[in-house]
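Taking it in order: structure first as structure tokens, then the write-up.
The values are calculated or read from the model by the stated rules, or taken from the named source; none is laboratory data. Being a predicted model, the structure only gives us computed values, none of them experimental. Cβ coordinates were reconstructed from backbone atoms using ideal geometry, including for glycine residues, and neighbour counts include every protein chain displayed. For the accessible areas, the whole protein counts, side chains as well, though only heavy atoms, and no ligand, DNA or RNA atoms are used. Shrake-Rupley method; radii C 1.70, N 1.55, O 1.52, S 1.80 Å.
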Amino acid sequence: KLQWFKLITIRNHIVICGLGKKGTFLAEDLLSKGLKVVVIESDINCMESKLIRKKGGIVLEGDATKQETLNSAKIHRAKHLICLLGNDNSNLQAAIQAYQISETRKTEELNCTICITSKELMHLLKNNELFSADKIPFRLVTFNPYDRTARSLLLLDEVFDSSTNSANRHILIAGWGRLGESLIIQAGNTWKFHRSSKLIITVLDRAAQKRFSSLVERYPGLQKICTINPIELDLSNNSR
């Protein structure tokens, strides 16, 4: 009852779709700053929801890709929408529904931030006019958590600082997952601005050669900056 009473009057709040690790951490951080937060989650964990509610947040159970669920979170009066659902398609679908709701929005624009892990989908969104209607008060921002993590890790390495004198660098990456690939790409992009010699990157993965072939096909310019050594190795096998 208290939640519904808050929803009657709430405005300029932040709606978070997804109460996973990222969603829970973000909600707690925002609430600690005194901001108004509404969380939408299809499978509510009692412990996490109690924690958010105890700190003053509102937790609603429902599918964030449905307009009726977003409407129940008073999205038409919200200031921000942050989509941290389990996959790119769900995050994009939630954004599309919010965009359609915003057609009748009478207040300032809705700032929508969505998590996209696919580089291909990220590129498509940046070059698509899906959310570009002039009169709809809606602004879309995308972010890739793997790219951001890779950039943060590289910032900690002084060798990538242009003020250092090191000409050679060898990076060893264990695992060619999404973060591993982001590290390769970000390291190459950073290195080319500071060094004349090639960056050496060795990657250990059980499908290293296949992933390497896919990478150079999509980013042919990387081989001009980096020498990438793919080594086939099953890291889950403790006997090797």
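Structure data summary
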read-out	value
Ala73 being under 20 Å from Ala133 (Cβ atoms), out of contact with any helix residue (DSSP H, G or I) (no Cβ under 6 Å at 6 or more places or on another chain) and open to solvent by less than 70 Å² (accessible area, probe 1.4 Å)	no
In the range 88-107, residue farthest from Ile136 (Cα to Cα) [restricted to those that are open to solvent by 30 Å² or more (accessible area, probe 1.4 Å) and charged (D, E, K, R)]	Lys106
Residue within the range 142-155 that is β-branched (Val, Ile, Thr), part of a strand (DSSP E or B), at pLDDT 90 or above and under 30 Å from His76 (Cα atoms) present	yes
Residues of the range 193-216 that turn out to be over 20 Å from Asn144 (Cβ atoms) and either assigned to a helix (DSSP H, G or I) or open to solvent by 40 Å² or more (accessible area, probe 1.4 Å) (or both), as a count	12
The range 108-141 - residue that is part of a loop (DSSP other than H, G, I, E, B), within 29 Å of Glu217 (Cα to Cα) and in contact (Cβ under 8 Å) with a residue 24 or more places away in the chain and, of those, most open to solvent (accessible area, probe 1.4 Å)	Leu130
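This table checks each residue for (1) free of Cβ contacts under 8 Å to residues at least 60 places away in the same chain; (2) farther than 22 Å from Phe143 by Cβ; (3) open to solvent by 30 Å² or more (accessible area, probe 1.4 Å).
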position	(1), (2), (3)
Arg11	no, yes, yes
Asp29	yes, no, yes
Lys66	yes, yes, yes
Gly86	no, no, yes
